[in-house]
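Taking it in order: structure first as structure tokens, then the write-up.
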Amino acid sequence: MPAAEVSVSADLVRRLLDEQHPDLAGLPGEVLANGWDNLVCRLGEEFLVRLPRRAMAAELVAHEQRWLPQLAGRLPLPVPAPVRVGRPTAQYP
């Protein structure tokens, strides 16, 4: 697995939620996957949080956030849509 450029963890997810989405910060969370490009956490029963581990993966996430909503109506299957987007911080660039 490629080395992470940014250290990501469930604790980081919690701190970012506290700062940027405090209305979601009280939901229970758990790590589902920690792969080559992203850490994915379940947040409550409804949400997933995905944090890129590398700059290249962050570019891919931004690309998905732009294009998936535009493609969703044209595809014959459900497409996940972003409902919240975080912003860079000193602890997570």
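Cβ-Cβ under 8 Å, sequence separation 6+ or interchain: first residue in region 80-93 and farther than 17 Å from E46 by Cβ, partner among the aliphatic types (A, V, I, L, M) and part of a loop (DSSP other than H, G, I, E, B). Which pairs?
Correct list of pairs: Y92/V6; Y92/V8; P93/V6.
Quick check: anything in region 20-36 part of a helix (DSSP H, G or I) and touching a residue at least 24 places away in the same chain (Cβ under 8 Å)? Lay out the reasoning, then the answer.
Pass one, region 20-36, residues part of a helix (DSSP H, G or I): 20.
Filter once more, so that each one left must be touching a residue at least 24 places away in the same chain (Cβ under 8 Å): 20.
Yes: one or more hits.
Return yes or no: is A81 surrounded by 13 or more Cβ atoms within 10 Å (Cβ to Cβ) and at pLDDT below 95? Even if it seems obvious, please write down each step before you answer.
Values: surrounded by 13 or more Cβ atoms within 10 Å (Cβ to Cβ): no; at pLDDT below 95: yes.
It is false that A81 is surrounded by 13 or more Cβ atoms within 10 Å (Cβ to Cβ) and at pLDDT below 95.
For region 64-75, state whether one or more residues are open to solvent by 60 Å² or more (accessible area, probe 1.4 Å) and of a type in the set (F, W, Y).
Initial filter on region 64-75 (open to solvent by 60 Å² or more (accessible area, probe 1.4 Å)): 64-67, 69-71, 73-75.
Of the ones still in play, those that are also of a type in the set (F, W, Y) are 67.
Within region 64-75 (the criterion being open to solvent by 60 Å² or more (accessible area, probe 1.4 Å) and of a type in the set (F, W, Y)), the answer is yes, since at least one residue qualifies.
On the given criteria, is R87 surrounded by fewer than 11 Cβ atoms within 10 Å (Cβ to Cβ), modelled with pLDDT of 90 or more and in contact with a helix residue (DSSP H, G or I) (Cβ under 7 Å, 6 or more places away or on another chain)? Give the steps one after another, and end with the answer.
Numbers: surrounded by fewer than 11 Cβ atoms within 10 Å (Cβ to Cβ): yes; modelled with pLDDT of 90 or more: yes; in contact with a helix residue (DSSP H, G or I) (Cβ under 7 Å, 6 or more places away or on another chain): yes.
Yes.
Does any residue of region 46-63 turn out to be open to solvent by 50 Å² or more (accessible area, probe 1.4 Å), more than 19 Å from M1 (Cα to Cα) and assigned to a loop (DSSP other than H, G, I, E, B)?
The answer is yes, given that some residue of region 46-63 is open to solvent by 50 Å² or more (accessible area, probe 1.4 Å), more than 19 Å from M1 (Cα to Cα) and assigned to a loop (DSSP other than H, G, I, E, B).
Pick from R15, R53: which is within 15 Å of Q91 (Cα to Cα) and within 12 Å of the chain's Cα centre (by Cα)?
Details: R15 fails: within 12 Å of the chain's Cα centre (by Cα).
Step by step, each of R15, R53 is checked, and only R53 is within 15 Å of Q91 (Cα to Cα) and within 12 Å of the chain's Cα centre (by Cα).
The values are calculated or read from the model by the stated rules, or taken from the named source; none is laboratory data. The structure displayed is predicted, hence computed values, not measured ones. As a convention, Cβ positions derive from the backbone with ideal geometry for all residues, glycine included, and neighbour counts pool all protein chains shown. Areas reflect the complete protein model, heavy atoms only, side chains present, ligands, DNA and RNA absent. Shrake-Rupley method; radii C 1.70, N 1.55, O 1.52, S 1.80 Å.
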